[in-house]
Amino acid sequence: MERTEVLVAGGGISGLAAAWWLARSGVPVTVWESDARAGGKIASTQRDGYLMERAACMLLNFRPEVSALLRQAGLEPAKAARTRDAQSQRYLLQGGRLRPVPMRIGALVASPLWSLRGKLRLLAEPLVFSRAPDGESVSAFVTRRLGREMLDKAMEPFVAGTLAADADRTCAAAALPRLAELERRYGSLAAGVLVHRVLRRRTASRTETFSFRGGMATLVDALAASPGVGLRTGHRVVEVAPDDGGWRVTASAPQGTRTLRASQLILATPAPAAAALLGGIDSELAALLRGIDYAPLALVHAGLARESVGHPLDGTGFLAPRGESAVLTGNLWMSALFPDRAPAGKVLLSSYLGGARAPQVADWDDARIADEALRTLRPLLDLRGDPELLRIDRHAQALPLYHGAYAARMQAVEARLRDHAGLHLEANYRGGVSVRDRLLRGHAVAERILAARPSPSAARPRPTASPCPARSY
Ligand SMILES: Cc1cc2nc3c(=O)[nH]c(=O)nc-3n(C[C@H](O)[C@H](O)[C@H](O)COP(=O)(O)OP(=O)(O)OC[C@H]3O[C@@H](n4cnc5c(N)ncnc54)[C@H](O)[C@@H]3O)c2cc1C
């Protein structure tokens, strides 16, 4: 039987990141990916001079481990910084119009976006002495700490736009772990942010939002091609079984069935696939994973001549609260965000439809999805004429919904994993959906595997990133 030290099932960003950190430390690792290409949800498409993203379109980073990975993978020169316009503001749909949301805190508080009552409620946050009950939703958490207006105008559209989730059903501890932790440690978000600001000056790297020339595919392609990552595409893992302290893993591969023995197994597939593989080994763990719901999403990429858009497109784009839009959660002005996303004199607008807000989009045909996006955009952006390019990307299971008592579900998963030495579950249903979180979790699982290695610890190589300061804001 073939052998490897670590087998990673799933070559999305979660699996690739774990494999990259392990390979970097000299650990023999193999990645089996069922698809014909690595990257999972992340893919960038070039057509007629437009560059479109199928999933993640940007990376927001403030963690030194992520900076280290990018540097060591040779990706620094490939980064594409946000344009000056995109750094200055974003918009919110309010009262049927787009209203600017300033990025500076002073201007944000002074903004006419919030009523006087809403502002006073916001300023009273440090005086809120209550603590989060178990399983509290994002809506309850934000309303309790910051007031209803902040929920309706900021957090609900943020949760719908970035997590495709429903704030009323999303577990605050799981979806907003840093805010929940600030409350737990400091009793107030404002006090916690202040403390972190002071600490940050001494410890942390700066916050940076960027993509890559060539799009986010540049990141996954670079990791997949890194020496030692051992990627095999077209390998669908069909069976996993404990085997004498390690794991026996079987895949259906282009050449037929392949079986391999690994000391450590990282399942980096979406939760339903992991549940199916673990069903015969641990029915409780499989049920916990099977219970994770996913939301469908559709992306509509529209390419237009600049003069067909009346709006100045002077920002990142806009988010749409549920009271304003029933299906579309947001629209990103990709050509204003990053350079080279559209040919000269053209713009690229990418709309997000569906999520927990409107799961029915999964049943709509492409024409209906495109019509809905354009119908919503036309008056807001003063669109004249039809797009010269239209592309629709669909995800039946775009993102895991951190709904219900999600933090408790993850604790139960953690507890079950203690019975399965050498088994790791690393995908975006655990520890955050963002690319930054996936790269960080890859680093963390590599550290755990290295720490468990039988080799003498003094000689053991470690993933080479500087230690991680307690900084998340
Ligand atoms: C529309 C959209 C926009 C987003 N925008 C952003 C953004 O701007 N910034 C950001 O940080 N994040 C963003 N995200 C989130 C981020 O892109 C995802 O959370 C992340 O890419 C998920 O990576 P993953 O590796 O966990 O899962 P996946 O990408 O789903 O990868 C899982 C892999 O496992 C493989 N697999 C499944 N079953 C098997 C099997 N049996 N054997 C072998 N392989 C298997 C799959 O083929 C797949 O390649 C966005 C997500 C979406 C959907």
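The values are calculated or read from the model by the stated rules, or taken from the named source; none is laboratory data. From a predicted model like this one, the values you see are computed outputs, not experimental measurements. Here the Cβ is made from the backbone with ideal geometry for all residues, glycine too, and neighbour counts use every protein chain on show. Ligands, DNA and RNA are stripped out before the accessible areas are found, and what is left, the full protein with its side chains, is counted by its heavy atoms. Shrake-Rupley method; radii C 1.70, N 1.55, O 1.52, S 1.80 Å.
I'm trying to understand the selection: among the residues of the range 278-306, which are closer than 21 Å to Arg47 by Cβ and outside any strand (DSSP E or B)? Explain how you work it out, then say what you get.
Looking only at the range 278-306, we keep the residues that are closer than 21 Å to Arg47 by Cβ, and these are 297-306.
Matches in the range 278-306: Arg306 only.
Has the range 163-170 got any residue that is within 22 Å of Arg90 (Cα to Cα) and charged (D, E, K, R)?
Yes; the residues of the range 163-170 include at least one that is within 22 Å of Arg90 (Cα to Cα) and charged (D, E, K, R).
Output the number of residues of the range 126-143 satisfying the condition of being open to solvent by 60 Å² or more (accessible area, probe 1.4 Å), in a loop (DSSP other than H, G, I, E, B) and closer than 20 Å to Val195 by Cα.
2
Taking the range 373-421 as the search range and keeping residues that are more than 16 Å from the ligand (Cβ to nearest atom) and basic (Lys, Arg), which one is least open to solvent (accessible area, probe 1.4 Å)?
Per the stated criteria, the residue is Arg416.
Is there a residue in the range 204-220 that is of a type in the set (A, V, I, L, M, F, W, C), open to solvent by 30 Å² or more (accessible area, probe 1.4 Å) and within 14 Å of the ligand (Cβ to nearest atom)?
no
For the subset of the range 321-347 comprising residues that are in a strand (DSSP E or B) and more than 28 Å from Asp152 (Cα to Cα), which member is most open to solvent (accessible area, probe 1.4 Å)?
Initially, the range 321-347 is screened for residues in a strand (DSSP E or B), giving 328-333, 346-347.
Next, from what is left, pick out any that are more than 28 Å from Asp152 (Cα to Cα): 346-347.
Numbers: Lys346: 64, Val347: 7 Å².
By that ranking, first place goes to Lys346.
Within the range 178-196, count every residue that is part of a helix (DSSP H, G or I), at pLDDT 85 or above and surrounded by fewer than 18 Cβ atoms within 10 Å (Cβ to Cβ).
Qualifying residue count for the region: 5.
Please tell me if Arg261 is part of a loop (DSSP other than H, G, I, E, B) and either in the same structural domain as His420 (by TED's automatic domain parsing) or open to solvent by 10 Å² or more (accessible area, probe 1.4 Å) (or both). Steps first, answer last, please.
Working: part of a loop (DSSP other than H, G, I, E, B): no; either in the same structural domain as His420 (by TED's automatic domain parsing) or open to solvent by 10 Å² or more (accessible area, probe 1.4 Å) (or both): yes.
Taking the combined requirement at face value, the residue does not satisfy it.
Take the residues of the range 225-244 that are under 18 Å from Leu277 (Cβ atoms) and part of a loop (DSSP other than H, G, I, E, B): which is least open to solvent (accessible area, probe 1.4 Å)? Don't jump to the end; show me each part of the working.
Taking the range 225-244 as the starting set, the residues that turn out to be under 18 Å from Leu277 (Cβ atoms) are 232, 234-243.
Then drop every residue that is not part of a loop (DSSP other than H, G, I, E, B), which leaves 234-235.
Details: Gly234: 25, His235: 7 Å².
Step by step, filter the range 225-244, then rank; the result is His235.
Quick check, is Ser434 of a type in the set (Ser, Thr, Tyr), within 24 Å of Phe158 (Cβ to Cβ) and at pLDDT 95 or above?
Values: of a type in the set (Ser, Thr, Tyr): yes; within 24 Å of Phe158 (Cβ to Cβ): yes; at pLDDT 95 or above: yes.
Taking the combined requirement at face value, the residue satisfies it.
Among residues belonging to the range 264-286 that are open to solvent by 50 Å² or more (accessible area, probe 1.4 Å), more than 10 Å from the ligand (Cβ to nearest atom) and among the small types (Gly, Ala, Ser), point out the one that is modelled with the lowest pLDDT.
Filtering first and then ranking leaves Gly280.
Kindly indicate the residue of the range 97-112 that is surrounded by fewer than 13 Cβ atoms within 10 Å (Cβ to Cβ) and assigned to a helix (DSSP H, G or I) and also modelled with the lowest pLDDT among those meeting that condition. Give the steps one after another, and end with the answer.
First, pick out the residues of the range 97-112 that are surrounded by fewer than 13 Cβ atoms within 10 Å (Cβ to Cβ): 97, 104-107, 110, 112.
Next, from what is left, pick out any that are assigned to a helix (DSSP H, G or I): 105-107, 110.
On the way: Ile105: 70, Gly106: 74, Ala107: 76, Ala110: 80.
So the residue we want is Ile105.
Going through the range 41-70 one residue at a time, which ones are assigned to a strand (DSSP E or B) and under 23 Å from Val445 (Cα atoms)? Talk me through it step by step, then tell me what you get.
If we filter the range 41-70 for residues that are assigned to a strand (DSSP E or B), which is where we start, we get 44-47, 50-53, 59-61.
If the condition is that a residue be assigned to a strand (DSSP E or B) and under 23 Å from Val445 (Cα atoms), then Leu59, Leu60, Asn61 are the ones that fit.
Among the listed residues Arg63, Arg24, Arg54, which satisfies the condition of being modelled with pLDDT under 95, surrounded by 21 or more Cβ atoms within 10 Å (Cβ to Cβ) and farther than 30 Å from Leu123 by Cβ?
Among Arg63, Arg24, Arg54, only Arg63 is modelled with pLDDT under 95, surrounded by 21 or more Cβ atoms within 10 Å (Cβ to Cβ) and farther than 30 Å from Leu123 by Cβ.
With the structure loaded, tell me whether Ala407 is under 16 Å from Ala286 (Cα atoms) and among the small types (Gly, Ala, Ser) or whether it fails that test.
Numbers: under 16 Å from Ala286 (Cα atoms): no; among the small types (Gly, Ala, Ser): yes.
Taking the combined requirement at face value, the residue does not satisfy it.
I'd like the full set of residues that are near the ligand (Cβ under 7 Å from one of its atoms) and within 28 Å of His235 (Cβ to Cβ), limited to the range 59-69.
Going through the range 59-69, the residues near the ligand (Cβ under 7 Å from one of its atoms) turn out to be 59-60.
Scanning the range 59-69 gives a single hit, Leu59.
Residue under question is Leu440, and the condition is that it be closer than 21 Å to Phe158 by Cβ, in a helix (DSSP H, G or I) and within 16 Å of the ligand (Cβ to nearest atom); does it hold? Steps first, answer last, please.
Numbers: closer than 21 Å to Phe158 by Cβ: yes; in a helix (DSSP H, G or I): yes; within 16 Å of the ligand (Cβ to nearest atom): yes.
Yes; evaluated as a whole, the condition is true for this residue.
Does any residue in the range 32-58 that is polar (S, T, N, Q) and away from the ligand (no atom under 11 Å from the Cβ) come within less than 6 Å, Cβ to Cβ, of a residue that is modelled with pLDDT of 95 or more and assigned to a strand (DSSP E or B) six or more places away or on a different chain, and which pairs are these?
Ser44/Glu53; Thr45/Met52
Please identify the pairs in which a residue from the range 257-277 that is touching a residue at least 12 places away in the same chain (Cβ under 8 Å) has its Cβ atom under 7 Å from the Cβ atom of a residue that is surrounded by fewer than 22 Cβ atoms within 10 Å (Cβ to Cβ) and basic (Lys, Arg), counting only partners at least 6 apart or on another chain.
Going by the 7 Å Cβ cut-off, the qualifying pairs are Thr259/Arg248; Leu260/Arg3; Arg261/Arg3; Arg261/Arg248; Pro272/Arg290; Ala275/Arg290.
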